[in-house]
Amino acid sequence: MSDQGSTNPVFNKQLSELKQTLMPEVIESWDELSDETRVQVSTISSYFCKMHIFVNMASEVDKCLSLFENNIACGRNPFAFNLSESGATRLTRTTCKGLSLGGCEKSGVGGHFSTFLQEKGKKNYLLTFRGHRFNHLFYAAGAVYHHASDVSSFLSNWVNPNDLLKSVHFDISEKSFLSGIRALGIIDKLITGPLWRHIESANNILDLNPILLTLKTKLEEFSKNAHPLLSGTPVFSEMIIHKDDIYESLFKDTGEPSFDAYTQMALELISGGMLLILERQAKDQLPGGKFFEPSFDETVRASNVPTTNTCSERDFAQLDVLMRCKPSAGTTAYESIIMWTNNKTSNWLSSLSEQEREDILDDARKNAPSMQRSIREKKENLFLEKVKLLKLRGEKKEAQEQKLYTQKVTLTRKLNEIGGLWMNDGDILAQKTHLPSQAFKEALITQLQFRKSVLHCKGPREKFQQSLKGRPFTVEELEDNLKSIILLNLEAEMEDEPHIVYHDISDAKDKVETSKLSLIKKINEGRNKITVQQQARLLPSFIQDPSKLVGKQIKHRCREENSPEVSWYHAIVQGLVKEKGKRSIYRVVYEENEDDAWEFPLLVDFGKGDLIILD
């Protein structure tokens, strides 16, 4: 059980090798066991922590909310410190930091806000982010929405607010952010809250398969139409929904159709983002995954697997407390205390006889010097490795800086040769009239590269490129790109108004629909990638018998003639033209053009990940 980070494959391989090495020593008559039994005993299955799905969903949802806010309005919060997060996430974070008990010792007023609520007979539902990592964004957003009117009233009467409170007061009055936190709160009440409670109570991690499949199906529906979520329809019929004051606030009739429309748009984008993460990180327990239809033996083995790795997260919580309480202690001391606590060594020693306990303690005393020596050697080796790594990083940084310096000098020289920086359409037209076509094209490229590498102008990455998907830009396209970059950065130079300006609701809906289509495309690309990985094990059987592919419905990734676009196309394999193992040639007919037949070495494409079998 892990978060399956980038280091996990190496660790899992080393752990598997260690287990295979130890098996003959711990299992009697190992040599007499059958090969099949040895494989079963030695196999290590890796499962994805269901707790980390919530963490990664929150990160993806933040991106979706940024997209949503940009689609329905423009402007900024002049008191915001972090412009990379969405306004809804910022509002949730800053409100919890400023108005929850223990949220911020320096700038927070949580005690005063709690007193303000108590006077009105209300409870403060806000929680600090500290110590509440999982599902906090969704729960806390709902709590902030519940307290929105109280927060606004409280801060309106607060004398000389600091920048943190000013930021909260600004955000709490904006529909774009309020609709976002309302959507997050609804997700908590109907999806993440019930799901988290079910995950914690599950007896076997594989028992979650039906729930994960239900969630996948529902999220796909909600990404197209989230009205059932907005109306409070339960997502999991067998799970209990906590209906408290926050629930009542979230589903209370607002009397504002535009606000409800904003909330539904946010819910649809959020659902798409959550679906993307779910399919990517729970793929082994969804259709097509290796654990989706487990055998009896796999189910029995999985009964020992926790549904989350909260136990290891608690180790880090212990470490955090120890580092605060004992700042002068070393790593070995921290490790010893945590191991002593988790392994309940004291209880184990107490269960031994006096003679056994004395023997073990004497043995520990004798081995202590060699253990300490081993620890010192390990620390010295780590120190040398870190010194080496720092040296390599320094050399790499120096080389990069030298490369950038050379590039800037070269671009500046080229820019001077073409008359300096072009500032507007008139400058572009003037150069276009007297420069030859090829020279004008090279000048456009120089202008774009200078603005990107030297001036660090804002704009879509492809606008600064010379080509897109293998197709070089024409002179006209390069000219249009330069004009759009100049215009975009001219607007950025103007001082932003310290308020939010909302687009027309119909325009906002159109923009959100465009964003949803982009998200669906991203989801489909992820599905294809996962399917390719899952079907890779089928290749050897097709190489052994190429005729097995004949008659199959497939998706084939290829490029249209005279087009830079690479896309997936549905087709059927009609016949085997030439049998030659992996290089066998097949006759293929595509749905888009059933009158023509094409011949391809499909197994070669299968090996490259450019083919998916549909049946």
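Brief remarks on what is shown
- Checking every residue in segment 510-525 against the condition of being within 30 Å of A266 (Cα to Cα), surrounded by 16 or more Cβ atoms within 10 Å (Cβ to Cβ) and of a type in the set (K, R) gives at least one match.
Here's the yes/no breakdown for (1) without any contact (Cβ under 8 Å) to a residue 12 or more places away in the chain; (2) of a type outside the set (G, A, S); (3) more than 30 Å from E560 (Cβ to Cβ); (4) surrounded by 13 or more Cβ atoms within 10 Å (Cβ to Cβ):
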| position | (1), (2), (3), (4) |
| --- | --- |
| K414 | no, yes, yes, yes |
| G470 | no, no, no, no |
| E476 | yes, yes, no, no |
| E479 | no, yes, no, yes |
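- Qualifying residue in segment 270-281 (condition: over 23 Å from K522 (Cα atoms) and among the hydrophobic types (A, V, I, L, M, F, W, C)): no
- Test: residue in segment 249-256 that is under 29 Å from the mean Cα position of the chain (by Cα) and part of a loop (DSSP other than H, G, I, E, B): yes
- Breaking point among (1) small (G, A, S); (2) part of a helix (DSSP H, G or I); (3) over 23 Å from the mean Cα position of the chain (by Cα), for S173: (2)
- Checked against the criterion of being under 30 Å from the mean Cα position of the chain (by Cα), without any contact (Cβ under 8 Å) to a residue 60 or more places away in the chain and more than 30 Å from F129 (Cβ to Cβ), segment 361-368 contains not a single residue that satisfies it.
- Selection status of N77, crowded, with 19+ Cβ neighbours inside 10 Å and farther than 30 Å from D244 by Cβ: no
- Here K218 meets each of (1) at pLDDT 95 or above; (2) in contact with a helix residue (DSSP H, G or I) (Cβ under 7 Å, 6 or more places away or on another chain) with one exception, condition (2).
- Subset of segment 154-164 that is of a type outside the set (D, E, K, R) and touching a residue at least 24 places away in the same chain (Cβ under 8 Å) - its residue that is nearest to N124 (Cα to Cα): F154
- Selection within segment 334-360 - surrounded by fewer than 11 Cβ atoms within 10 Å (Cβ to Cβ), within 48 Å of the chain's Cα centre (by Cα) and assigned to a helix (DSSP H, G or I): N343, S346, N347, S350
- The single residue among E69, E60 that is assigned to a helix (DSSP H, G or I), touching a Phe, Trp or Tyr at 6+ places or on another chain (Cβ under 8 Å) and touching a residue at least 60 places away in the same chain (Cβ under 8 Å) turns out to be E69.
- Scanning segment 144-159 for residues that are buried (at least 23 other Cβ atoms within 10 Å of the Cβ) and either in contact with a helix residue (DSSP H, G or I) (Cβ under 7 Å, 6 or more places away or on another chain) or assigned to a helix (DSSP H, G or I) (or both) yields V144, Y145, H146, V151.
- Residue list for segment 424-460, filter: of a type in the set (A, V, I, L, M) and either touching a Ser or Thr at 6+ places or on another chain (Cβ under 9 Å) or farther than 18 Å from V475 by Cβ (or both): V454, L455
- Of the residues screened, K469 is one that is of a type in the set (D, E, K, R) and at positive phi.
The values are calculated or read from the model by the stated rules, or taken from the named source; none is laboratory data. Nothing here was measured: the structure is a model prediction, and the numbers come from that model. Don't worry about glycine lacking a Cβ; one is built from the backbone with ideal geometry, like all the others, and counts go over all protein chains shown.
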